[in-house]
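Structure, as structure tokens:
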Amino acid sequence: GDIVLLAKPVTLTEGDRVTLTTDVLMATDGTSKPEKLLYAVSVPPVHGQIEYINYPGVPISSYSQLDVVAQKVCDVHDNSHEASKDSFR
């Protein structure tokens, strides 16, 4: 089926970490298998990284919608002072 994606911006301050939840990132495709909907980080944040909460400090390049539903993924800012905005795709 068609994939529907909801993505909202999140705000982080220096050194902060925000858990990705279904309020800010949600994809559906008409099936009930969120573990098969995968996100690939093609452009990581310049001033931080995406990582699993249980493995801090280890950047990841992909994760599933089920990981988001289970609140296992976070965006971590690297504490750099020169960054007023950052993003990832």
Determine the pairs where a residue that is of a type outside the set (Lys, Arg), located within segment 1-12, has a partner that is exposed (fewer than 10 other Cβ atoms within 10 Å of the Cβ) with Cβ atoms under 8 Å apart, the partner being 6 or more residues away or on another chain.
Gly1/Gly30; Gly1/Thr31; Asp2/Gly30
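Quick check on my filter: what residues within segment 1-53 are in a strand (DSSP E or B) and charged (D, E, K, R)?
Arg17, Glu51
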What residue, among those in segment 32-45 that are at pLDDT 85 or above and over 11 Å from the mean Cα position of the chain (by Cα), is nearest to Val76 (Cα to Cα)?
Val43
Scan segment 47-89 for residues that are modelled with pLDDT under 95, surrounded by fewer than 13 Cβ atoms within 10 Å (Cβ to Cβ) and hydrophobic (A, V, I, L, M, F, W, C) and jot them down.
none
Tally up the residues in segment 11-31 that are surrounded by 13 or more Cβ atoms within 10 Å (Cβ to Cβ) and either of a type in the set (Phe, Trp, Tyr) or closer than 16 Å to Val73 by Cα (or both), please.
12
Counting only residues that are closer than 24 Å to Pro56 by Cβ, in contact (Cβ under 8 Å) with a residue 24 or more places away in the chain and hydrophobic (A, V, I, L, M, F, W, C), which one in segment 32-42 is most open to solvent (accessible area, probe 1.4 Å)?
Leu38
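The values are calculated or read from the model by the stated rules, or taken from the named source; none is laboratory data. Predicted model, so just to flag it, every value in this text is computed and none were measured. For neighbour counting, all protein chains shown are included, and Cβ atoms are generated from backbone atoms with ideal geometry for every residue, glycine included. In case anyone asks, the SASA skips ligands and DNA or RNA and just uses the protein heavy atoms, side chains included. Shrake-Rupley method; radii C 1.70, N 1.55, O 1.52, S 1.80 Å.
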